[in-house]
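Beneath this line is the structure, given in structure tokens, with notes to follow.
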Ligand SMILES: NC(=O)c1ccc[n+]([C@@H]2O[C@H](COP(=O)([O-])OP(=O)(O)OC[C@H]3O[C@@H](n4cnc5c(N)ncnc54)[C@H](OP(=O)(O)O)[C@@H]3O)[C@@H](O)[C@H]2O)c1
Ligand SMILES: NC(=O)c1ccc[n+]([C@@H]2O[C@H](COP(=O)([O-])OP(=O)(O)OC[C@H]3O[C@@H](n4cnc5c(N)ncnc54)[C@H](OP(=O)(O)O)[C@@H]3O)[C@@H](O)[C@H]2O)c1
């Protein structure tokens, strides 16, 4: 086995271990944002696409490179944007619509 | 920077991340066993000591190698043994000493 | 390594660490947004570093630069536009779409590597083959999953004739393709065989799974994409791809398990498929069941308007009917009358985790009115009317008994309320395909209507009461 | 890499992964023991693989083999013997001892590398220097910590004259040593300077810290050893040392923080020292305080024998007096009389987490009688006698008020019991150095005695009652 391959395998195994450990007990509301966040991270494939483009030659090569970059860019840009949008709703917005507030402040008051 | 050094740094960083993530909310009773367990793991230094012994030459070299191996072996053997001993007490022993049991089974019965 | 290369690689390593930190922070609602932002900034730095590296290496042709820039602007632009403009409720299918393109990009990298004609060693051939297969399966599989959620592809589990046999043949085909590629990496037929088998397998794998299981499937395919990207990292010897890909592969797997657990399924049973049929739009049983008490919108309006406390229990039907705005309006009117209105949110109500939160947030329901299950359950005993809107399984008392598909799932204690009103179209079953004895409870009144129409009627009726 | 080397390296990688899995499993009591065993087996495999590698490489001289075998048998034998024979209560100092030898071994590896006379590059010189410093500090620091806990070194925080200045000089010395080693790696004076400064610094760092803070210090030094081992891995280019060392370094840091949190301290305040003085053996105040009601062993015996429920609250004094067997005997006798005896265990009672559990397990107190704090607190209201044995801070109602060193620490609600008996030697303060108003509570009787003697007297008195 070449040293590079061993290096790559070691890196892979350690990253898998990190991945297994990094997710702990997550509230169900965060499942979708977390999935989307992980989704954006594999958008890192855009770096691979750029590297490939730098070695691309000829029409076939450029075509493949173009689609690789475009798809990867869509993944990475869209992924982060949509995750951020989802996570916006976790800002507690206590005074968001004061018109609705009475129902809240009256809390347990009305209870039987 | 040499490729080996970069490899070593990558490995180090990833292992640090694993280490940070692997400990989660641990009950206080497990703190000491966990410390002792981690202690045994750094007994892996015994492998380093053996590697060093294989390159040792001359009285100084052998002396250092001897102490390195001996200290490291003490760490690794003693560490695992004592951790295991500590963890024995986590076996639930419901019928350990039946003589004492009445106090337990009478549970809430006596309460005012 | 040259100085630039060293610097760039260290940036990559730092970025990878930030991805981990970002994911870690996304475990808790308080830090989640910040975590995603850290990850985003790290990604931007890594991309810039990659561009610098490529510029310094000077291998990129002018055409290459043009292709790269056009590709990035084109793909990134579409991604950004869609991410900004899509409705909140369509987010799961969007994530699936981004999965598809990520997997597709990863597969293309391997295809490119095998078609340049450079000598390819065994490791590269093997990982390229795996990359193409996993990436290809993810590409079509995710597109089908997105289509099912969007309603383009039928949500019903489609039975493929001789499905099992077809799948076995496809798996054999892409495995043979990988072996062939290892033996003769430049063989175009081998490459086409592998690609084709993987792409078709993605379709036949996801098609037989019910639409309701799609969130779990999407999460699983997300993990697949991670692995495909890691394989691409092996092919290109790019450490940052290996780390980030493996990270997503592993964390995605854990997340898939958590999601399946939360809805009381196992990953295996999801993939084997067949369950989740209740998601179909057809009505299963007819309304005129003897023991059922039906009510009219006017009855309900009076009940609600003179209640002291109302707890709304939204479910999948609310999302299906897109009735969140009508619900929010009703809530506001009742609150203005002094009724204490709250929303009891079951963690797996709807078809994706957090579905109800997203939905109600979109309709601007004030966040403090949303009660998590643990908080809501004790309140039911003091609730005058529990208004169940298109929810079924999450209210089914059968979950308290063993021996049925929802056994053991924690439910909302709707049956503890003083009276219950259920708005749904029929006596149709929910996701788990079970009858719900709540509907035959004497204190329950059934309002058979589409959620949107039903709520609008009630609101109108309440308004006349006030006037 | 040759075939053997590849195989051995893969074994190392698998072993490192098993260390992670083992640690993960040690997070929960149910799987902890299995986790440690997995880690142990993995370590054994890694050591065997290393031996195979060395044998195949054929570099080891015959003398080398003899040295290695003798060293291993000698060190391993001592380690095994001590681990098996030491008393449960002495385990923290033993862990500290194993820390010391681990750190020492790591430092020796670097010393060896610098003394072989081979050319040494900058990376090796830097990491070797760091290895020596961190390993050296850990070596002496851990020995002092062990000595403090064992009572060989005074537990009192020793004030070193001009301590701060001394520490600054020492740090400057070892930093200079590292720089010198980078410039001239084979310089023996530089090596000696670095070693000496590090070893002395270990002493001056730990000596001023009170004995009671030692568990936190030991945990911190444990993390240090991990880093030292990782540095040794850089020096020897041994990946398995880097991974395992970094793993311990990071997880040890998190664990140190958890431990400090559990006892309401910050890591910084521990290192700065000065707190934790209450651990001293001297008596601080005298017994004859006006408001205090003293009782005799006979009084206590009657109270206990005719109680329906007794909750024992053990604390550091029980460990200090080694009175666990006497306590267990008293418990058994009372239980035989039909008294409902339980033990309320505060999570940080004693001087190490789980101290009381270890102690009472050693005395064979049945596990189900041990009540965790959350379980015990509601019981006090129905308890006739709360018997406090050498506990102080964990019962101090001052914790419920802000503005003092124990503020915010959850305590055992001993003051809710119908009556309280406290066995301690004097009105002396506990770890946090606070007066305890529980002692002046009218329903509290103080039995001023060493815990061992006091308990024995009470037991004897109960026996005469029974006879
Ligand atoms: N949240 C997640 O992450 C997730 C993901 C996958 C699966 N699941 C599963 O999905 C279920 C969720 O429970 P749930 O109570 O929310 O939903 P449910 O049990 O699936 O029931 C939904 C009900 O809504 C009614 N409905 C459908 N369209 C409607 C419309 N337009 N107007 C009014 N009513 C309509 C249906 O009855 P009619 O046909 O009679 O109208 C149906 O019984 C659980 O079993 C959960 O395990 C959840
Ligand atoms: N558990 C841990 O991990 C850990 C680690 C470090 C620090 N701490 C801290 O240690 C404290 C533990 O509280 P604690 O209530 O167990 O102990 P404590 O507050 O330290 O009090 C111990 C008491 O035992 C008495 N004592 C000492 N020797 C005795 C003997 N031979 N016979 C009878 N009594 C004796 C002392 O009073 P006299 O001198 O009057 O006899 C002293 O007041 C907490 O503040 C905690 O934060 C805990």
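Using the Cβ-Cβ distance between residue C:269 and residue D:173 with R0 set to 45 Å, the FRET efficiency works out to roughly 0.10.
In terms of other Cβ atoms within 10 Å, D:253, D:138 run from fewest to most in the order D:253, D:138.
Computed with the Debye formula from one identical point scatterer per Cα of segment C:1-77, without solvent, the log10 of I(q)/I(0) at q = 0.14, 0.19, 0.28 Å⁻¹ comes to -0.59, -0.86, -1.13. Averaged over peptide C:333-345, the number of partner chain Cβ atoms lying within 10 Å of each residue's Cβ comes to 3. Kindly identify segment C:102-261 as rounded, prolate or oblate by the Cα gyration tensor criterion: order the square roots of the eigenvalues as a ≥ b ≥ c, call it rounded if a/c is under 1.5, otherwise compare a/b with b/c, prolate if a/b is larger, else oblate. Judged from the Cα gyration tensor, segment C:102-261 comes out oblate (a/c at least 1.5, b/c at or above a/b).
Sorted shortest first, the separations between the residue D:34 label point and its copies elsewhere in the assembly read 3.7 nm; each point sits 7 Å from Cα along the Cα-to-Cβ line. For segment C:84-105 versus segment D:58-120, the spacing of their alpha-carbon centroids is 56 Å. Here chain C is treated as a sphere whose radius is the Kirkwood value from Cα pairs; by Stokes-Einstein at 4 °C and 1.567 mPa s it diffuses with a coefficient of 53 µm²/s.
Across the alpha-carbon set of the protein assembly as shown, the Rg to Rh ratio works out to 1.02, Rh being the Kirkwood radius.
When Rg and the Kirkwood radius Rh are both evaluated on Cα atoms of segment C:314-465, their ratio Rg/Rh stands at 0.93. A full extension of the chain between residue C:407 and residue C:437 corresponds to an added length of 9.4 nm, given 0.36 nm per residue minus the alpha carbon distance. What is the helix-to-structure angle for D:163-183, meaning the angle in degrees between its Cα long axis and the longest Cα principal axis of chain D, kept from 0 to 90 and rounded to the nearest 10? Its long axis makes an angle of about 20 degrees. Angle of helix C:62-85 to the longest C-alpha principal axis of chain C, folded into 0 to 90 degrees and rounded to 10: 10°. For segment C:40-126, taking Cα atoms only, Rg and Dmax work out to 16.4, 48 Å respectively. Taken as Cα centroids, segment D:1-57 and segment C:330-345 sit 60 Å apart, rounded to the nearest whole angstrom.
Computed from the C-beta positions of residue A:25 and residue D:372 and an R0 of 22 Å, the FRET efficiency is 0.60 to the nearest 0.05. Projected label points at residue C:322 and residue D:291, each 7 Å from Cα along the beta carbon direction, are separated by 7.2 nanometres.
Treating each Cα of segment A:1-66 as an identical point scatterer and summing with the Debye formula, the log10 of I(q)/I(0) at q = 0.13, 0.22, 0.25, 0.26 Å⁻¹ comes to -0.64, -0.98, -1.04, -1.06.
For residue A:59, the distances from its label point to the matching points in the remaining copies are 8.2 nm, ordered from shortest, with each point set 7 Å beyond Cα toward Cβ. Contact order, relative form, for segment C:298-351: 52 percent (alpha carbon pairs under 8 Å, 6 or more residues apart, mean separation divided by residue count). Against the main long axis of the alpha-carbon atoms of chain C, helix C:214-236 sits at an angle near 10°. Sorted shortest first, the distances from the residue C:159 label point to those of the same residue in the other copies are 8.8 nm; each point sits 7 Å from Cα along Cα-to-Cβ.
With only the Cα atoms considered, segment C:303-365 has a convex hull volume of 72 Å³ per residue. The residues A:47, C:333, B:41, C:209, when put in order of fewest to most other Cβ atoms within 10 Å, stand as C:333, C:209, A:47, B:41. With viscosity 0.692 mPa s and temperature 37 °C, the Kirkwood radius over alpha carbon pairs of segment C:346-400 converts through Stokes-Einstein to a diffusion coefficient of 263 µm²/s.
DSSP beta bridges confined to the protein assembly as shown are antiparallel in about 0 percent of cases.
Since every read-out is calculated from the coordinates, none of them should be taken as a lab result. Note that the coordinates shown come from a computational prediction; the quantities given were computed from them, not determined experimentally. Positions of Cβ are backbone-derived with ideal geometry, glycine not excepted, and every protein chain shown enters the neighbour counts.
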